[in-house]
Amino acid sequence: MTHKDYLDQFKGKVAGSEKDKVEMALEFALDIRKFEIELYWKRATYFWTFIGAALAGYALVYKASEPNPNTWLSLLFSSLGLLFSMAWYLVNRGSKFWQNNWERHVDLLEDEVIGPLYKTIAHGPAAWNPLTASAQYSVSKINQILSLFVLAFWAVLFLKSIELLPPDLAKDGLKTTMALITFSGFFSLLFWGKSANKSTITKLQSRQLELK
């Protein structure tokens, strides 16, 4: 589809309004983009709360049971931390995908309505001090990279907790079960958590009205 083909789908007026379809579409795209950004940070707060709680639980168990840490509780908290970190990383990627989607719609629509405002980046003069100068960093990308490192951190704690040695796993059924649950959840998030957005299948069914 070319840019012209895309814009052709928004020709004419909105039904019951004097607004052009392309103008209305741009307003919707900007509003939904703003909504996606708000959701992005709400989700980040949600996951930080659970990840922080898991880390606090892991630290308390480890410290309280020194010099012989309670490996069962350590495994429990590290498993939760690993799964929530994996979910946070994937949610960050999903949120960024949909944010980019609506930003692309703004890019495609704005020229016809207000001109290339959103696409034009206005740079200020370069500051001499790199400590206080602004820079073109992506906040969402930094958050995504950070979530990946938090995931790696929890993976280390998880491996430490299960002490990945075949004899230990064979002897301790609880550890084996917890490890299997964690790996199942991990790969389920990775492979089955994707949005199936290539096509939308809708089944319509009429409700029957029965008069008595």
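Worth a mention:
- Using equal-weight Cα scatterers in the Debye expression, the normalised intensity of the range 103-165 in log10 at q = 0.15, 0.19, 0.29 Å⁻¹ is -0.76, -0.90, -1.10.
- Taken along the Cα-to-beta-carbon direction at a fixed 7 Å, the label points for Thr120 and Ser17 span 2.6 nm.
- Highest mean packing first, where packing is the average number of other Cβ atoms within 10 Å per residue, the peptides 77-83, 140-146 line up as 77-83, 140-146.
- Efficiency of FRET from Cβ geometry, Lys34 and Asp8, R₀ 30 Å, rounded to 0.05: 0.65
None of the figures in this text is laboratory data; all of them are computed from the coordinates on show. Being a predicted model, the structure only gives us computed values, none of them experimental. All Cβ positions, glycine included, derive from the backbone under ideal geometry; neighbour counts span all protein chains shown.
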